[in-house]
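Contents: one structure, followed by commentary.
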Amino acid sequence: QQPVQSPQAVILREGEDAVINCSSSKALYSVHWYRQKHGEAPVFLMILLKGGEQKGHDKISASFNEKKQQSSLYLTASQLSYSGTYFCGTENQGGKLIFGQGTELSVKP
Amino acid sequence: EAGVAQSPRYKIIEKRQSVAFWCNPISGHATLYWYQQILGQGPKLLIQFQNNGVVDDSQLPKDRFSAERLKGVDSTLKIQPAKLEDSAVYLCASSLFGGPQHFGDGTRLSIL
């Protein structure tokens, strides 16, 4: 079952914050986050393995609520380089990663 | 370290023709994945290998797609015969026994 991401698209000005949500109808083992720029390969951002785990580096962080079967990606003080499509990938105990449909983020000067 | 290598980068064929893609994963990565990404969608897993064994191929259209990973290193994905709906980017990724996946640049396939 494909996870549902929201919003589908968001436009920000440099310095603004954004939250991208990822929800699954099935129990999750882990959640992966990737960013893909146009015409390029997806690039790994972070993986969350435990319920309630939060991770972050630079000004991008994420949380994982195992009970609610959802994860959120937080982008703080956005930069032009943050533009791209963000995908969450949810993994069940079978080890298979299923990607959401993506959230397109555009950061304007 | 060298990343995941894929070739060719672009391929244009006519429907009903055959095509093959090649992938060389990051050295030491036991798990190799092939994904199909249609424009505007997330990557869809076609097949997952653990060394040279298949872990999951439930979404591989086996009547036309085949993949192999001989010797547990590089891999090829073949489509024969191609259909118009196969137009997509084919991504190869590798990882160390699960965990973060590292993607190659992909092969952009256009079917005429």
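Here are the numbers:
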read-out: Counted residues, the stretch B:1-32 - those being in contact with a Cys (Cβ under 9 Å, 6 or more places away or on another chain), within 30 Å of A:Gln8 (Cα to Cα) and open to solvent by 10 Å² or more (accessible area, probe 1.4 Å); value: 2
read-out: Yes/no for A:Ser25 being of a type in the set (Ser, Thr, Tyr), at pLDDT 95 or above and closer than 23 Å to B:Gln41 by Cβ; value: no
read-out: All strands (runs of 3 or more DSSP E) inside chain A with 1 or more residues being basic (Lys, Arg); value: A:9-13, A:30-36, A:54-57, A:103-108
read-out: Among (1) modelled with pLDDT of 95 or more; (2) open to solvent by 10 Å² or more (accessible area, probe 1.4 Å), the one test that B:Phe97 misses; value: (1)
read-out: Filter pass, A:Gln8 being out of contact with any helix residue (DSSP H, G or I) (no Cβ under 7 Å at 6 or more places or on another chain), within 18 Å of A:Lys96 (Cβ to Cβ), of a type outside the set (Lys, Arg) and open to solvent by 50 Å² or more (accessible area, probe 1.4 Å); value: no
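Conditions (1) more than 13 Å from the chain's Cα centre (by Cα); (2) among the aliphatic types (A, V, I, L, M); (3) within 14 Å of another protein chain (Cβ to nearest Cβ), marked per residue:
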| site | (1), (2), (3) |
| --- | --- |
| A:Arg35 | no, no, yes |
| A:Gln79 | yes, no, no |
| A:Gly84 | no, no, yes |
| A:Gly89 | no, no, yes |
| A:Asn92 | yes, no, yes |
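The values are calculated or read from the model by the stated rules, or taken from the named source; none is laboratory data. Source: prediction; values computed, not measured. Cβ coordinates were reconstructed from backbone atoms using ideal geometry, including for glycine residues, and neighbour counts include every protein chain displayed. Keep in mind that these areas ignore ligands, DNA and RNA; they rest on the heavy atoms of the full protein, side chains included. Shrake-Rupley method; radii C 1.70, N 1.55, O 1.52, S 1.80 Å.
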